[in-house]
Each structure stands twice: as structure tokens, then as C-alpha cells.
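What follows draws every value from the coordinates through simple rules; no lab data is involved. In this text, all values refer to a predicted model and were calculated from it rather than measured experimentally. Because the Cβ atoms are built from the backbone with ideal geometry, glycine has one as well, and the counts that use them run over all protein chains shown.
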Amino acid sequence: MIETRNVSKSYFGVSVLEGISFTADTGAVCGLIGYNGAGKTTLLRVISGMYRPETGEALLDGEAVYENAEKKSRTFMLTEDMYFPPQASLDDMRDFYAGYYPAWDEGTFASLCAAFRLDRTQKIGSFSKGMRRQAGIILAFSTKPRYLLLDEIFDGLDLSMRGVMNTLLADYVKTSNATAIVTSHNLRELEDNIDKIVMIHGRRLGYVGPVAEIKAAHGTLEQYFLSERDIDDAAFAGIFGPERNGGAAEVQT
Amino acid sequence: MAGRSGAARHDVRRQLQGSLGFASAGFCVLLFLIPFSTAGIPGDSIFSVAVTHMQMKFRFIGDDFVTAVQAFAVLYGFAFGLLSFRFVLDQRRASVYFTLGVGRVRLYLNRFLVGAALLAVTIIIPMALSLALNLVALEPYQGMTAAFLYVSAGIFVTAMAAFAVAAVGCLLAGTMPEAVFFSAALLAAPYVLSSAANTFMKHLLWGNPFGAMPFLGDAPAAPSVTDMFSSANPVLFFFEDLEAHRMFYRPLETDMPEKIAPTILVVWVVVVIATTLLGLIIMRKRRAEQAGFASKNPIVTRICAFVPLLFAGALAFDLSAGVSLVFGLAVLVVIFALGILGGDRLLLSARPHAPSIAVRAFLLLVCTAGAVIGYGAYTSLPDAEGVTAVSVSSVGAPSYVGVPALGSSTGHDYYFSAAYSFTSEADVALALRIHGEISDGGRKPLRSGTGDNFETGTVVPYDVSFTYTLESGKTKTWYYDRASLSQLRSLLAFENTEPVRLGRDAVLAGPENGDASSDMLWAREAFTGGDIFLADPTYRSMFSLSIDAENRARLLAAIRADISAQKTEDRYFPKDEPLGILMFTFDGENDVNSFSYHLNNSFVYLDESFENTLSYLNANGLWFDDGMTNSIDPDEVETLIVQPYDPYIGINKPSFPQSPYFMSYLSDSPDDFRILKDFGEKDIVKDPARKKQILSEMRSAYFLSEEGSLVAVKYKSSNKWVYKFWPGAGDSAMNDKE
């Protein structure tokens, strides 16, 4: 189980998160959503032990994660822009991670590389964005983490790969009794594959609960998301094109 | 599968693998700088007897490579530290490492230990190779092993100090450029602080000797502040010991290498350990989110701004107050511009930061205290009772300088720097009195005085120093890079003292008292071994005197006696022209054409008081009454040119001193004045009465501390111009201009 208790975080005096408390259950996938700059990635980094919160704590199965080498060795965070050393191949990254993660599974690594059809000896720097994402996914699952944090899980993946990702994730979490938190702006893909939603809104927790509840109340996750937004559409109107007046486009001369 | 310890071991392996390339490059450089430099360079190898002369007992580093080794040790350790800890500066890399199952302490220690191990190996192996080469080329020698161990340890600790500073720099900074700049600023800070302090002392503290370079010589009047605090400088603390212990060339007086005093090294080992621990604390507290963002740490931004600003400001101040004012204004403009742009970049943090405020307050306190104490220390002269000896600069006639001296001469211009030491109460009191007058006079601009203010207001470049030895054994030096003409004149008061008299006696001691070349009294050489010429002050009669060693000794004894009896006033401000001029020279063939002083000859101006000398010359047929005269008939003069004596009369202001004791000379040119007036018509004297007056009043030798004129005379019977000094304000010859 992943738990945050009253986590607050600020960057150089600017508050990013305030009083975030929720749990992500073992054997389940929790979706973390929010508008741009809401603090999703920051929260994931606090949970991964990378960042120290100003207040509160992040716990993995009841133990604080910050500077907890044992817990961190069972946690993998797939960041939006993962680091690969220049000139490194998948095999090189395998050499890197295998030594740091005690649960590293060579079989899983080989199987995933074959399934994704990625050349293990080719330099990752020559991969496309989507292929680099796939490389990260391979490494993430190969470390056999108990706690999996996936930031922008579908970013760079084509439609078919997104489906693969959903399947892999659901299977892994169930069979390994792991806990996963994922973030994505692709709410349609997300709502069918997660068990719980956590929404961050205005630095604070907006909603925590089962996806089914939101669907029951709003129809879809998208509709719920849009209903919570506080963007003024009128501010964008007419910046580049003719003003729109109801169903007609008024041309100004 | 790797457990926690497995992950830590894996981290060490990864770090080693990642650092091997860089360490290998450093190793190759050190192979060149150490064993190759001492044994592999043709013409400078320890395998060559022509180099070792059987006296060199060991040499680990070639003579021309010491600075390079020191510099490389610093750069090597610095770069290695940046390389080892750069992962905290990149957001993506930091994301990886801070999420691994290795704690921050372990991450830090692993990198530190790998760095230390590789630095040690890549330093010790080249040193060991050098030791092996020495053993083969020069055979084992006492102290060789101790020196090898000490030098190796010193280079290693130097590299580790830079490594530790770079590590701290990375951990406090946000980006690699900021880390490089900040770490470099930290390493440079001791030098910048000390050199800036020295610059301000040089300009604001009248009498400051620290780092003050005399016009002659390559050693400062007193060690610079940078040198004094070199042991506290991470870049320089081992440099002196490196130079001292990296080789041993056996001198005659001992067969033992210089004793090793490892205190400074032990201190710096402690400093490195302390810095390492500091880095560990910073690592634990470091915010991972700082990666990729500069200017987020107020201490870093302030040091990054303060150190280069102080350095540049001191440089500007050294150039001139005006330049530093412009520089300061430019800095203010930049700061305000940054404020307008809304950037909290350098100095405009809106939030008070307690540690940085404390640091600033402390620095301000230290600077103020230092300035007050320093000012007080150097405006108060020591009490006479506490002084056992004082050394004072000499300004007298160079031919009689009886102490080791440095000198420079070009044509008829010359300058020498020498100091006599005085121990008697009276002499110490005299020194303190004169010193007090110079000190109270303050630093005056280099320029000419006018009218009644000429002597006191004309300030010229000159080396004037007073070094007091106190009862405690300590010495204290004051150095002045300029003096007024009246102050230079006041130093002539020492001419009557016992040490100066004894010095003169030593110069004129004669060849029977030993080989002149074996001592430091360069003024003695010409007296004891040079050709002797006698001329009258008009230079129309010149004679070469041939005397044997025994007679030379008698001549010098006579001169010695006469000079001892001569009054200072008569020597430097004579009322009459001498009866004759003796020149002792090793280059008679050329010197007879100019009869001008330079460092390799010596002159004696024989006035009526030189009874012993004149008596000797007459008695031995060496005086020629018929041919010699010290007066000139105006009718014999074709042209007489007068130029006011003014050190600043030329277009180029003097930046190098000239000794104030004028000695006459011959020249082929009418434009060969000691100080040349570049523009304007020559003042040619035509009036016979004026001519007669000048001819009778001009002098062959005179101490230029008062108003007067430089005179050039051409006889009708000669192509040469005779240069003399006409003392006194006199009437201007302007009315006689053509």
C-alpha cells in the first residue's frame, strides 16, 4: 500500500502541494489526475523518496520512504523524461539497474525486449520517443518493483501500445501484489484501467475515490475533469481567428 | 540478486567504471609531469652527469615542472570532484540516483572514496616510478624515501582538497556552470581576499611593505599577504614544500636534505576531512529539486558574485581610483538593471537569509578589524628602546657603497639600491626621526614642486625602506616607493655614521685585503682591479695612470683617509669644483670617451681636502699641474645650454628611479641631458657675464635635492659636450634664447 499523510511540498518558497492525504491499495492501480501544474509529478517524486516533503510523509506499507534504501530498492519511478546515458543501450541499462534492484528479473527483461521488438544492443539515443518510452517500461517491469510509479504512462505510445501497457500493468499489479500509481492526461484510456482516482486541484486534494463513483455522477472521467476546470474560454477567443458569435463567425473589417 | 550491500557495491563498481577514463588521462599527464620530467628530457635528465654534477642526490620532479605539477594537482582534483558529483546537477540523472535503493550518505561516500582511491593510485604510481628512476640513476640516498613519501602525500592532499571543494560546490549549486563557477570561487577566495587586501594596503597604507616590489630586485620588501597566508590557501599550501623537497642538490655545508616539517600537511588533512564531513551534511540536506536551477542558494550566489567582484574591483583599484570608480558605478548599474528585470540573480534576494547575513556580518567585522589593526600597526613607529637594529636605504655616492647592493645603469643614468644596518642608540634615533618625517609626510603624488616648495614638493620614484629588528627578534619593515627630494637629502645624515664609514673603508680596502670578486661589494671591484684615469673637471686633460699593486694600495689608503675626513656637505654640495677626477674602470677604452659613471666603474672627486691623495699623486709624478685646470674661460666656450632641473620636464614621466647623486660626463650630443625636455627651444646662454657665472658655479658632482639647472657646454676646441649641474635657482637664460 502507498500512503501519503498530509504531504505538503514547496519549490523555493512557492507552495506546490498542500495537505495531500490518500492511499493507494495493494494489488490496485491508482490514477493521479489534475490540470497542468497541479503537482502530480511532484507528488510522485515525494512518494518515490526523491523529494523531501515540507510537512507530512509518504509511506510504503507503513514505512516512510524518504532515505529508506530498502523500500526504495522495491520502488521504481518511470519519469516522463527518463534518463539514459549517452551511448547507452538497453543491455547497458540492464547492467545499471540489475545491480541496484535486488528483485531484477532477467527473464522478464528478455521477454519484454522481444515482445516490444527493441534491439538490446542499439543505442537508446537513436530510439524514437515512443521507443524510449517502451525501453523505460521494460526496465520498470524488469526491476519487479512492489511500488510502481508511472508518470504520463501513455506519453509517446501509439494506440496499440497503450492497450499493451494497460494489460501489462493490470497483470503485473495483480500477479505481483504490487501497488501502482499512474498519471496521464489521456483520461479515456485511464478510466477503464484504474481502480481509484486521486485528483489534485489548486495544490490540494480535489477528489479521492473509486472511478465508478465518478462515472456514476458525471458519466465519464473526462466530463468530471472538465466540470472542475476554472479556465475562462472567452480569454482565448478571437486571439488568432474571427470572433465566434454563437453558431456564426463574425468577420470584422 | 543484489541486497542493500550488493547495491552499494554495485554503485562503487559503476562509479569506478565511470571514472576510469578520466583517471587514466590524469595518470598519463602525471607520468609526463613527474617521472618523465626528471629523467626523460634530453639535457635535463638525472641520468646525465652534466645535469647532476655528482651533487644532485635525488630529484622526483624536473626543475621546470614544479608549478605545472602543483597546478595540475589542483585542476585534476577539482575536475574529478565535479565529475563525481555532477549527477546532482542534472534533473534527470538526479531523479534516477535519488530513487535508487542507495541512501544519500552511501552515494556520497562511494563517490568520495572512489575519487580518493583513484587520485591516490594515479599520483603514487608516477611518483614511485620517479623514485625507481632516481634509485637507478643516482643510487639510494638518506632522506630520499622520506621526501618521496612526503611529496606524494602532499600532491595527493592538494588534489583531495580541490576534490572536496568541488564536491561541496556541486552539492550547493544547481547547475554545472554554477557549480564550476562557485567551486572555483571557493578555491580562489583565499587568494582573492589576500591579494585584494594587499592591493588596498599598497595604495592606502603609506609605508606598506607587504608585496611591495622595489624598483630593483625580484623580491618584495616583505612577503605579500598572499604569500603570508599561502598555508591557508588550498591552491598554494603545499607549493613551497613541494619545491623544497622534490629534489636535493647537495650543498657544500651539509649532506642532509632539508628536514621535513609535516605540520602544514597534517593541518590540511584535517581540513580535507572536515570539508568531506561538511559535504556529507550538505548531501543529506540537498533538495533534489534544485537540480537544473541556478541562483537558488543565497550563499552560492553571494560568493559567486562577491569573489569575482572583489577581484575585479581590486584590479581596477590597482589601476587607479578613477577606474575603480567607473567600475563601481558600472556594477551598480548592472545590479539595478537586474532589479528592474526582476531577477533575483546575484545580490538582490528579497528574503533575508540568516546564515548569509551572519557570514556577511562576520566578513565585514573581520575586514574592519583587519583594517583598523593594520592601519594602527603601520602608523605607529616602534619605540627606540625596543629596537636593536635598523636597516635604512642608502642614497650616497655609489662609488663608496659598502654593503651588497643592486644596481642598474644605462649610459650615464644609474640607480642603485642598498641598505646599511645600524645598531647604536644614536643611529637608531636618527633613523626613527627621519622615518617619522617620511611617515608623517604621507603619500604624495609624483610631481614637481615649484619655487620655495621645490625640495619638499618634488616627489620622485625611489626605494626607501626601514627595517627594524626588535628585542623579540622579530623584524618590521616599512617600504616607500617614493620620496621628496628633501627626504632623500635627509638620508645623507647617515653618511657620518660608523657603519657607513666602515663600509666605505671596506670598499677602498685594496687588493691586499682579498679578492674583490669574492664579496658582494661591487663598488670595490674597480678600485682594486680597474684601470685608473685622471682628468681635470673641464675634461680637457685626461691621463692614464699606470701603477703597480703596491702603489695602488697606497693610493687607495690615501683616498680612504681623505674620504673619512671629508664632510658630507663638501662631498654632496661642494662649494667649488674638484681639482681632479679619478676614474677606476675595467673599460677604459670606452669610458674615456664619456667619463661617465656606470656600475662597473668608480669615481673619486679630488677637492682641496684630499690632502693625502693629492700628496701621493704629486709625490709619484701622477699629478700634472700644467695640464690640469678646474676653471673654464668663457671665451673658450662655443655653446652653453641650460635646462632647468625638473624630474618631470620630459613628456614621459619617470616611472623608474634615478639616483640623485649627479656625476658629470661627456657626450657627443647636445641633447643628452639626464632628463630630457622633449619640446620647446633650447635655452642657449649668450650673455658673457651669465656664461661666466654659470661656468664658475656649475659642479661636476652634486646631490640633486635642490633647484638648479643641468648644463651642457661645448668648447670651441672640441666636438664633445660636457654635462654638469648648476645649483641654485639662478636667473633664467630665457632672455638669451635665439
Quiz item: By a straight-distance test (C-alpha under 30 Å), which lysines pair with residue A:72 as possible cross-link partners, with residues fewer than eight away in the same chain excluded?
Solution: A:9, A:40, A:123, A:129, A:144, A:174, A:196, B:285, B:296
Quiz item: Between B:333, B:555, B:574, whose Cα lies farthest towards the positive end of the dipole of the protein assembly as shown when Lys and Arg beta carbons carry +1 and Asp and Glu beta carbons carry -1, centred on the Cα centre?
Solution: B:333
Quiz prompt | Label-reachable residues, segment A:28-71, where backbone N falls under 16 Å from a point 7 Å from residue A:105's Cα toward its Cβ | solution = A:28
Self-check item: Residue-averaged 222 nm ellipticity for chain B, from DSSP H runs of 4+ at -39500 (n - 2.57), nearest 500
Solution: -15500 deg cm²/dmol
Exercise. For helix B:688-697, report the angle its Cα long axis makes with the longest principal axis of the Cα atoms of chain B; keep it between 0 and 90° and round to the nearest 10°.
Key: 60
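Relative contact order of chain B, please, whole-number percent, based on alpha carbon pairs below 8 angstrom and at least 6 residues apart. Numbers along the way, then the final one.
Numbers: 1200 pairs, mean separation 73.9, N = 738.
It comes to 10 percent, rounded to a whole number.
Just to verify a number: FRET efficiency for residue B:176 and residue A:1, C-beta to C-beta distance, R0 = 56 Å, to 0.05? All intermediate terms of the calculation are to be shown ahead of the outcome.
Numbers: r = 39 Å, r/R0 = 0.70.
E(calc), rounded to 0.05, equals 0.90.
Give me B:123, B:61, A:214 sorted ascending by neighbouring Cβ count inside 10 Å, so fewest comes first. Please list the in-between numbers first.
Working: B:123 28, B:61 25, A:214 19.
In increasing order of surrounding Cβ atoms, one gets A:214, B:61, B:123.
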Quiz prompt | Size of electric dipole in segment A:45-201: Cβ of Lys, Arg +1 and of Asp, Glu -1, about Cα centre, debye, nearest 20 | solution = 240
Self-check item: Pairwise label distance in nanometres, residue B:90 with residue B:618, each label 7 Å out on the Cα-Cβ vector
Solution: 9.8
Exercise. For chain A, calculate the relative contact order in percent as a whole number, restricting contacts to Cα pairs under 8 Å that are 6 or more residues apart.
Key: 24
Self-check item: Kirkwood hydrodynamic radius over Cα pairs of chain A, then Stokes diffusion coefficient at 25 °C and 0.890 mPa s, in µm²/s
Solution: 125
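Using 0.36 nm per residue of separation minus the Cα-Cα distance, give me the extension gain between residue B:679 and residue B:309 in nm, one decimal. It would help to have the intermediate numbers written out before the result.
Numbers: separation 370, 0.36 × 370 = 133.20 nm, distance 4.30 nm.
Between residue B:679 and residue B:309, full extension yields an extra 128.9 nm.
Once you sort the root eigenvalues of the Cα gyration tensor of the protein assembly as shown as a ≥ b ≥ c, which label holds: rounded (a/c under 1.5), prolate (a/b larger than b/c) or oblate (the other case)?
Values: a/c = 3.60, a/b = 2.45, b/c = 1.47.
Taking the square roots of the gyration eigenvalues as a ≥ b ≥ c, the protein assembly as shown is prolate.
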Quiz item: So what is the 222 nm mean residue ellipticity for chain A from helices alone, if each DSSP H run of at least 4 adds -39500 (n - 2.57) and you divide by all residues, rounding to the nearest 500 deg cm²/dmol?
Solution: -10000 deg cm²/dmol
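Counting each pair of different Cα atoms once, what's the Kirkwood radius of segment A:132-178 in Å, rounded to one decimal? Write down the numbers at each step before the final one.
Details: mean 1/r = 0.0913 Å⁻¹.
In segment A:132-178 this quantity evaluates to 11.0 Å.
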Quiz item: Can you put B:706, B:636, B:289 in order, fewest other beta carbons within 10 Å first?
Solution: B:636, B:706, B:289
Quiz item: Under a point-charge model restricted to the Cβ atoms of Lys and Arg (+1) and Asp and Glu (-1), what is the dipole moment magnitude of segment B:1-154 relative to its Cα centre, in debye to the nearest 20?
Solution: 1040
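What are the chymotrypsin sites (Phe, Trp or Tyr not before Pro) within segment B:658-693 that DSSP puts in a loop, where the Cβ has at most 14 other Cβ atoms within 10 Å?
Values: sites: B:661, B:662, B:665, B:673, B:679; in loops: B:673, B:679.
Here the sparse-neighbourhood loop sites are B:679.
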Self-check item: For chain B, size of Cβ-based charge dipole, Lys and Arg +1, Asp and Glu -1, in debye
Solution: 6120
Quiz prompt | Environment charge at residue A:19 (Cβ cut-off 11 Å; Lys +1, Arg +1, Asp -1, Glu -1) | solution = +2
Quiz item: Based on the Cβ-Cβ distance of residue B:590 and residue B:266, what FRET efficiency does E = 1/(1 + (r/R0)^6) give at R0 = 51 Å, to the nearest 0.05?
Solution: 0.25
Quiz item: Hey, what angle do you get for helix B:425-441 against the long axis of chain B, alpha-carbon based, 0 to 90 degrees rounded to 10?
Solution: 70
Quiz item: So how much slack lies between residue B:429 and residue B:548, counting 0.36 nm per residue of separation and subtracting their Cα-Cα distance, in nm?
Solution: 38.4 nm
Quiz item: Full extension from residue B:631 to residue B:213: what is 0.36 nm times the residue separation minus their Cα-Cα distance, to one decimal in nm?
Solution: 146.0 nm
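Taking Rh as the Kirkwood radius computed over C-alpha pairs, what is the Stokes-Einstein D of chain B at 37 °C in a medium of viscosity 0.692 mPa s, expressed in µm² per second?
On the way: Rh = 31.0 Å.
Roughly 106 µm²/s, to the nearest whole number.
DSSP loop trypsin sites (Lys or Arg not before Pro) in segment B:166-260 with at most 10 other Cβ atoms within 10 Å of their Cβ, which ones?
Qualifying residues, ordered by number: B:259.
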Practice problem: Take the alpha carbon atoms of segment A:18-87, find their center, do the same for segment B:580-600, and report the distance between the two centers in whole angstrom. | Solution: 92
Quiz item: With the dipole of segment B:625-724 worked out from charges on the C-beta (+1 for Lys and Arg, -1 for Asp and Glu) around the Cα centre, which of B:660, B:631, B:693 lies farthest toward the positive end?
Solution: B:660
Quiz item: For residue B:714, which lysines qualify as cross-link partners when the Cα separation must be under 24 Å and same-chain residues fewer than eight apart are set aside?
Solution: B:575, B:677, B:682, B:686, B:691, B:692, B:724, B:737
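Which GluC sites (Glu not before Pro) does segment B:226-271 hold that lie in a coil by DSSP with at most 15 other beta carbons within 10 Å?
Numbers: sites: B:240, B:243, B:253, B:258; in loops: B:253, B:258.
When the GluC sites (Glu not before Pro) of segment B:226-271 are filtered for loop state and at most 15 Cβ neighbours within 10 Å, B:253, B:258 remain.
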Quiz item: With a sphere of radius 10 Å drawn around the Cβ of residue B:609, what net charge do the other residues whose Cβ falls strictly inside it have (Lys, Arg +1; Asp, Glu -1)?
Solution: -3
Quiz item: Longest segment of chain A with no trypsin sites (Lys or Arg not before Pro) in a DSSP loop having at most 12 other Cβ atoms within 10 Å?
Solution: A:1-116
Quiz prompt | Dipole-positive endmost among A:113, A:7, A:59 within segment A:2-160 (Cβ charges, Cα centre) | solution = A:113
Practice problem: Would you order B:170, A:113, B:304, B:28 from fewest to most other beta-carbon atoms within 10 Å of each residue's own beta-carbon? | Solution: B:28, A:113, B:304, B:170
Quiz item: How much net charge surrounds residue B:117 when only the other residues with a Cβ under 15 Å from the Cβ of residue B:117 are counted, with Lys and Arg +1 and Asp and Glu -1?
Solution: +3
Quiz item: Can you give the FRET efficiency for residue B:55 and residue B:149, using 1/(1 + (r/R0)^6), R0 = 25 Å, r = Cβ-Cβ distance, to the nearest 0.05?
Solution: 0.60
